[in-house]
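To start, the structure itself, in structure tokens.
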Amino acid sequence: MLTRDADRGEKNGNGQDIVERLRKIIPNPEKISDEGGVDRAGAMVISLMCTMEDCLDGVPISKIASRVLPEMWNFQAEEQERLLSLLNRDEFIELIRSGIRLALASQGVSLGFEGTDIFDISIDWENMEIRFNGLADAKRRSVAWTSGTCQNSWAIWASESGVEMHELEVALGLANKGGTSYREPRHGDRVRLQVSSSSGPMYGWGNVKNGEVGFVSGIGLGPGQDDLTVDFPSQKGWTGPREDFVLAASPIVGKKGLEETEGEEE
């Protein structure tokens, strides 16, 4: 670890080395030029990932576990391994996840732990260390982002950081720079209400329940620019902020297309 830290410090003294290292862990390398052109969202994400790399990558499992079980420091390495071997895989993973959560909190990372689902964080079983390899592959990032809890964690982080959600999605490789994300709800899309806040929806529940699915009937019609108006079975015209919804389904053939198809068949 001392050698690794020394190497990392040496690289930090060379701006070009840092650029090359970051090019390996962010999906849009063209966003970082040799002249240092990075937008605010990209810069914030890079800073966050550098912090995560510093406090996770190459850290021994015993050190991560000891954040949850400080008593482990009373045992020798062999005894620590024997203690951990008493856990089954699920128990072990939960212990490590809890340790990672505490490690991030100790470094001032305000991103909710669910938000880390888009990162490639793994266990190196041969060396018994944590590995942080930047962002996960595109498919895994996409699945994690649409799970609801992951995106909600980032929405809170973006709000606290003064970053626009679309710019954040671009920086995370989840949207194109030129337009909105292909997962951004449109009129007629079906969305699921998924409110994670314990305080409930921003404008109240009305007759709607968490998990209910409805059709988007309006965008930006509420008090907020990103508000969606949704027609639920239990209540039409229900309005809530974008982060309270998860895209459920979208039509591939629009109404006009269906009418043309039906006319041809006749």
5 Å is the cut-off here: which amide hydrogens, built 1.01 Å from N in the peptide plane, fall below it relative to Phe245, excluding neighbours closer than 5 in sequence?
Gln194
Order by neighbour count: Glu167, Glu91, fewest other Cβ atoms within 10 Å first, most last.
Glu91, Glu167
Inter-label distance for Ala43 and Glu78, nm, one decimal - labels placed 7 Å from Cα along Cα-to-Cβ:
5.3 nm
Sequence order, the range 165-170: Karplus ³J(HN,Hα) from phi using 6.51 cos²θ - 1.76 cosθ + 1.60, θ = phi - 60°, Hz rounded, Gly and Pro as x, gives 4, 5, 5, 5, 4, 5
Which ordering of Ser98, Ser234, Ser199 is given by a fewest-first count of other beta-carbon atoms within 10 Å?
Ser199, Ser234, Ser98
Within a 10 angstrom radius of the beta carbon, how do Asp57, Asp244, Asp189 rank from fewest other beta carbons to most?
Asp57, Asp189, Asp244
What are the chymotrypsin sites (Phe, Trp or Tyr not before Pro) within the range 103-165 that DSSP puts in a loop, where the Cβ has at most 13 other Cβ atoms within 10 Å?
Trp125
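Here, each number is a calculation from the coordinates, and none is a lab measurement. These numbers come from a predicted model, not from an experiment. Heads up, the Cβs are rebuilt from the backbone with ideal geometry, glycines too, and the neighbour counts pull from every protein chain shown.
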